[in-house]
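See structure below.
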Amino acid sequence: MFDVNKIRKDFPILNREVNGKPLVYLDNAATSQTPQQVIDVIVSYYQNNNANIHRGVHTLSQEATDMYEQARVKIQKHFNAAQAHEIILTSGTTHSINIVANGFSALIKKGDEILVSAMEHHSNIVPWQMLCERTGGVLKVIPMNQEGELLMEVYDELLCEKTKLVFCNHISNALGTINPIEEIIEKAHSVGAAVLIDGAQAAPHVIADMQKLDVDFYTVSAHKICGPTGVGMLYGKEAWLHKLPPYQGGGEMIAEVTFEKTTYAGLPHKFEAGTPNICGGIAFGAALDYMNAIGFDDIAAYEHELLAYATEKLLEIDGLKIYGTAKNKTSVISFNMEGIHPYDIGSILDKLGVAVRTGHHCAQPIMDFYKIPGTVRASFCFYNTKDEVNALVDAVRRATKMLS
Ligand SMILES: *Cc1c(COP(=O)(O)O)cnc(C)c1O
């Protein structure tokens with residue numbers, strides 16, 4: 001049984017106060033909080049097992065290597081990848097995307113087309129622009145409607161034999177829209193294009209099945225799913241990972257080095273140059289264990305309830321407008337108060353202990369689309385409560401009164 005009060009006890013930070021008020025943490029789409037179970041794994045690693053991996057014959061090194069590789073298998077199982085070496089451990093989504101964008105430099109020719117959705121995070125726009133600058137590739141945008149849903153009929157028109165790559169987030173961090181990635185992947189494949197899905201915002205809410213989706217690349221950041229910062233995954237289909245050249249050179253990613261020539265290591269090490277975030281990778285696995293023990297079905301159902309409740313309560317406030325009203329969305333609410341800058345609301349909310357994000361949420365093109373400077377974004381996690389939604393609504397009312 002899903003018991004939010006019991007779950008909250010796992011998160012020590014939720015007990016703290018901010019500006020003399022109980023913390024109401026509603027910035028989960030930026031980073032989620034870390035449960036004691038994961039903190040314990042991090043502490044224990046440094047207390048008992050810390051060593052460099054894959055190189056040493058000594059016991060600590062072997063233990064650390066085993067723990068790290070077990071985490072990789074855990075991640076593989078969670079996302080149902082066919083093989084553990086299709087899971088590249090990276091520093092997070094941004095790093096993962098840059099590995100693919102860099103790799104495609106070798107494969108994209110002048111005039112080839114890359115499609116990105118209109119609701120991408122900057123980390124899913126800028127690397128492709130850089131790729132196009134290097135190669136003469138052409139970036140095209142799949143537009144969206146006022147609700148924040150992709151125009152799939154325009155996508156159909158854009159797809160052609162020139163399309164080499166399609167990039168889209170699974171769930172938008174700014175709007176909460178759940179994109180129809182099954183359809184996006186299938187249609188891209190029908191013209192022979194590869195697909196990268198940015199799953200950074202989806203991983204906390206749903207389990208994406210790599211084999212069922214038949215996706216070519218999928219990215220995740222551990223810090224958005226109760227894990228630490230600085231670690232994440234790039235899933236890549238084995239055939240693609242063989243095709244792409246390595247991104248960074250260094251230790252760990254080589255088979256043999258002479259001054260004349262270096263041969264690269266096999267997967268996954270080819271893409272894992274240097275000493276990785278060993279403890280982070282192990283904690284990433286522990287975070288998945290933690291979330292799976294609660295259960296993603298229960299998490300999704302509860303978050304949906306919070307979303308519906310918060311949407312209803314916020315819309316009762318005069319002059320409040322929500323951006324991103326897709327039929328299919330997760331527990332992210334981007335909104336503005338008529339005539340008030342989002343930063344001003346955000347600052348007063350902080351004084352009242354309520355943590356939200358304000359600004360463009362690394363998605364300036366979305367803000368340009370709505371012709372606004374930014375939004376206030378409240379994003380809910382399974383440890384948030386209806387009382388906290390009420391605190392948010394009260395705080396927004398108070399802020400509005402003070403500012404108007
Ligand atoms: C957070 C986020 C990113 C960037 O993740 P990093 O952990 O900062 O690399 C990319 N895309 C989406 C949709 C995100 O929510």
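How large is the Rg to Rh ratio of region 257-365 when both quantities use alpha carbon positions and Rh follows Kirkwood? The partial results should precede the final answer.
Values: Rg = 22.1 Å, Rh = 18.7 Å.
That ratio equals 1.18.
Quick one: grab the alpha carbon gyration tensor of region 217-274, order the square roots of its eigenvalues as a ≥ b ≥ c, and give me rounded if a/c is under 1.5, else prolate or oblate depending on whether a/b is larger than b/c. Oblate shape, in that a/c is at least 1.5 and b/c is the bigger or equal ratio. Distance between the 7 Å Cα→Cβ label points at Tyr46 and Ala30: 2.4 nm. Gain on full extension, evaluated as 0.36 nm per residue between Lys212 and Met152 minus their Cα-Cα distance, stands at 19.5 nm.
For the chain, the 222 nm mean residue ellipticity estimated from helices alone, with every DSSP H stretch of n ≥ 4 adding -39500 (n - 2.57) and the total spread over all residues, rounds to -11500 deg cm²/dmol.
Mean-square fluctuations from a GNM of the chain, with a 10 angstrom spring cutoff on Cα atoms, peak among Ala273, Ala101, Ala84 at Ala273. The order of the peptides 30-40, 278-288 by mean Cβ neighbours within 10 Å, most packed first, is 278-288, 30-40.
Under Stokes-Einstein, with the Kirkwood radius over Cα pairs as Rh, the value for region 39-292 at 4 °C and 1.567 mPa s is 69 µm²/s. Shape analysis of region 107-186 yields a ratio of the Cα radius of gyration to the Kirkwood radius, Rg/Rh, of 0.96. The modelled label-to-label distance for the pair Lys21/Met130, using points 7 Å beyond Cα in the direction of Cβ, is 3.9 nm.
Computed extension length for His341-Glu182: 53.5 nm, one decimal, from 0.36 nm per residue of separation with the Cα-Cα distance subtracted.
Computed over neighbours whose Cβ is under 14 Å from that of Gly250, the net charge equals 0, Lys and Arg +1, Asp and Glu -1. Where Lys and Arg each count +1 and Asp and Glu each count -1, what net charge lies around Ile53 among other residues with Cβ under 15 Å from its Cβ? Result for the local shell: -3.
Of the solvent-accessible surface of region 39-292, computed with a 1.4 Å probe over protein heavy atoms with every protein chain present, carbon and sulfur atoms account for 53 percent. The slack between Lys243 and His304, meaning 0.36 nm per residue of separation minus the straight C-alpha distance, is 17.9 nm. Excluding ligands, DNA and RNA, the accessible surface per residue across the chain is 42 Å² with a 1.4 Å probe. Per residue, the convex hull around the alpha carbon atoms of region 1-145 comes to 226 Å³.
Measuring with a 1.4 angstrom probe and ignoring ligands and nucleic acids, Val126 comes out at about 60 Å² accessible. Taking every DSSP beta bridge that has both ends in the chain, the antiparallel portion is near 60%. For the set Glu17, Glu113, the ranking by accessible area, highest first and with no ligand, DNA or RNA atoms included, is Glu17, Glu113 under a 1.4 Å probe.
The values are calculated or read from the model by the stated rules, or taken from the named source; none is laboratory data. Not measured: the values here are computed from a predicted model. Note that each Cβ is placed from the backbone with ideal geometry, even for glycine, and that neighbours are counted across all protein chains shown. Side chains are part of the model used for accessible areas, which takes the heavy atoms of the whole protein and leaves out ligands, DNA and RNA. Shrake-Rupley method; radii C 1.70, N 1.55, O 1.52, S 1.80 Å.
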